[in-house]
Amino acid sequence: MPELNPFSYAFHEDPYSTYRWLRDERPVYHNEALAFWALSRYQDVVDASRDWATYSSAEGTTLERLDPRVGEYLPMMIFLDPPRQTRLRTLVSKVFTPRRVAALEPSIRERAQHYLTPLADAGGGDFVQQFSALLPMDVIFTLLGVPSEDRNELRTRMDESLHRDPDSPAIPPSAIQAMAEQGRYWFQFVAERRRRPQDDLVSHLIAAEVPADDGTPTRLTDPEVAGFLNLLGGAGSETVTKLLANGIVLFARHPDQYRAIFDDPEAIPAAVEEVLRHTSPSQYQGRVLTRDVRLHDTDMPQGARVPLLTGSATRDERAFPDPDRFDIARQQLVPLGFGYGVHSCLGAALARLESRVALEEFTARFPRYVVDESRLERVHMSNVHGFSGVPFERI
């Protein structure tokens, strides 16, 4: 019988055969050794994502159990349920607006061109190390006002905080240390902005107000602002880095689909959605049950950890015809790649904008290319799948 072990390096290489078995044979799967249940079918994942009161995010969104003190020290919306999550989301939404995101396109394009020009001159290179890991980091950190000299170190800490050892659900000491260092950095950063406000997103976050239940104005605390910066900095950089790299590998394997976006750049937004569906960077969203649940003749007890398997749901034959086929013209359903329900990603519009611009600029410089599959390097994280190295060259 296949085993679902999100910490297995072999599983990272190809989770999809396991997912297919789960959907067909164990739509509610129980792993006794690692003490979790899992939902793998599209409709079950959609329904559970909507039902935040039953499928709670309050104990973290990964299988690893975080120290509950982390949520108080560095509260992040993704680790909270309404009403506290709603308050944070409302305050952040007042600043992280569609208009502010749309206004970033010229600077995103300029940065994409900056990183792609030497790759084009050389006829190739490493897509991740020289482009997709750098572009979203620059965009996010510029938006937040992080000094350029701090950015590479922050990104290194973010990567290390997500790394997991093979077959082990324990968070490695190096990851714990990286999390602590990130937290300290963001607290110091917020404290500095409170002392010396600037015309940047962080200063506006600090000043944003919404009325409380009694009508009095309320603002974000320093830990709440730091928590949002930690979430945006990590998720914003990691997701787009992996999304773009997954896309470049997929397009190299499916040159007809690449030709379609090269010939018609208007097809790129749909292509981004298909990359998200076919090879989602975020493979699951962890939840904990607040009550007993019976589903598909299987009982899951209150307190059970239940990952919602996005990577499986978006390959479900019950929802998508021929789901393993990469097809940028595919009719998409409810998108799950950036979360769904109350935990849909606030940065999704920015991630889509970055991805569109990056692919527009890449296709303009590389009409045809190949990826060296023998030298692909994967990341090994609990719920993030993708590449840390993608060597490619123009042909």
**OP:** Answer yes or no: is there a residue in the range 199-214 that is of a type in the set (Gly, Ala, Ser) and either within 21 Å of the chain's Cα centre (by Cα) or at pLDDT 95 or above (or both).
**Re:** no
**OP:** Read through the list (1) among the hydroxyl-bearing types (Ser, Thr, Tyr); (2) buried (at least 16 other Cβ atoms within 10 Å of the Cβ); (3) within 25 Å of Gln283 (Cβ to Cβ), then give the number of the only condition that Tyr115 fails.
**Re:** (3)
**OP:** Could you identify the single residue in Leu154, Leu144, Leu220, Leu229 that is more than 24 Å from Glu110 (Cβ to Cβ) and crowded, with 18+ Cβ neighbours inside 10 Å?
**Re:** Leu220
**OP:** Scan (1) loosely packed, with under 13 Cβ neighbours inside 10 Å; (2) under 18 Å from Lys94 (Cα atoms) for the single condition His204 breaks and write down its number.
**Re:** (1)
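Condition check ((1) without any contact (Cβ under 8 Å) to a residue 12 or more places away in the chain; (2) assigned to a strand (DSSP E or B)) across all residues:
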residue: Arg291; (1), (2): no, no
residue: Arg294; (1), (2): yes, yes
residue: Gly303; (1), (2): no, no
residue: Ser374; (1), (2): yes, no
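Provide a single number: the residues in the range 168-222 that are outside any loop (DSSP other than H, G, I, E, B), over 26 Å from Ser148 (Cβ atoms) and touching a helix residue (DSSP H, G or I) at 6+ places or on another chain (Cβ under 9 Å). Quick ask: steps written out before the conclusion?
Filtering the range 168-222 for residues outside any loop (DSSP other than H, G, I, E, B) gives 173-195, 201-207, 210-211, 217-218, 222.
Then drop every residue that is not over 26 Å from Ser148 (Cβ atoms), which leaves 173, 176, 210-211, 217-218.
Of the ones still in play, those that are also touching a helix residue (DSSP H, G or I) at 6+ places or on another chain (Cβ under 9 Å) are 176, 210, 218.
Residues that pass the stated criteria total 3.
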**OP:** Mind listing just one residue for me: the one in the range 326-370 that is assigned to a helix (DSSP H, G or I) and among the polar types (S, T, N, Q) and, of those, surrounded by the fewest Cβ atoms within 10 Å (Cβ to Cβ)?
**Re:** Thr363
Original post:
modelled with pLDDT of 95 or more, of a type in the set (Ser, Thr, Tyr), surrounded by fewer than 23 Cβ atoms within 10 Å (Cβ to Cβ) and touching a helix residue (DSSP H, G or I) at 6+ places or on another chain (Cβ under 6 Å): does that describe Thr279?
Top reply: no
Original post:
Which ones in the range 278-307 are among the hydrophobic types (A, V, I, L, M, F, W, C), in contact with an Asp or Glu (Cβ under 9 Å, 6 or more places away or on another chain) and within 24 Å of Gly337 (Cβ to Cβ)?
Top reply: Val288, Leu295
**OP:** Could you list, in sequence order, all residues of the range 4-47 that are among the charged types (D, E, K, R), closer than 17 Å to Ala313 by Cα and either touching a His at 6+ places or on another chain (Cβ under 6 Å) or without any contact (Cβ under 8 Å) to a residue 40 or more places away in the chain (or both)?
**Re:** Asp14, Asp24, Glu25, Arg26, Asp47
Original post:
Just to be sure, is Asp165 under 30 Å from Arg325 (Cα atoms) and either surrounded by 14 or more Cβ atoms within 10 Å (Cβ to Cβ) or more than 20 Å from the chain's Cα centre (by Cα) (or both)?
Top reply: no
Original post:
Based on what the data block shows, is Ala102 in contact (Cβ under 8 Å) with a residue 60 or more places away in the chain and either touching a Lys or Arg at 6+ places or on another chain (Cβ under 6 Å) or closer than 30 Å to Thr218 by Cα (or both)?
Top reply: yes
Original post:
Before we move on, is Val293 touching a strand residue (DSSP E or B) at 6+ places or on another chain (Cβ under 9 Å), within 28 Å of Pro83 (Cα to Cα) and among the β-branched types (Val, Ile, Thr)?
Top reply: yes
Original post:
When you go through Phe96, Phe11, Phe79, Phe36 one by one, which is the residue that is surrounded by 16 or more Cβ atoms within 10 Å (Cβ to Cβ), more than 21 Å from Ala348 (Cβ to Cβ) and either under 21 Å from the mean Cα position of the chain (by Cα) or of a type in the set (Asp, Glu) (or both)?
Top reply: Phe11
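The values are calculated or read from the model by the stated rules, or taken from the named source; none is laboratory data. Treat the numbers as computed from the prediction; the structure is a model and nothing was measured. Ideal geometry is used to build each Cβ from the backbone, glycine not excepted, and the neighbour counts take in all protein chains shown.
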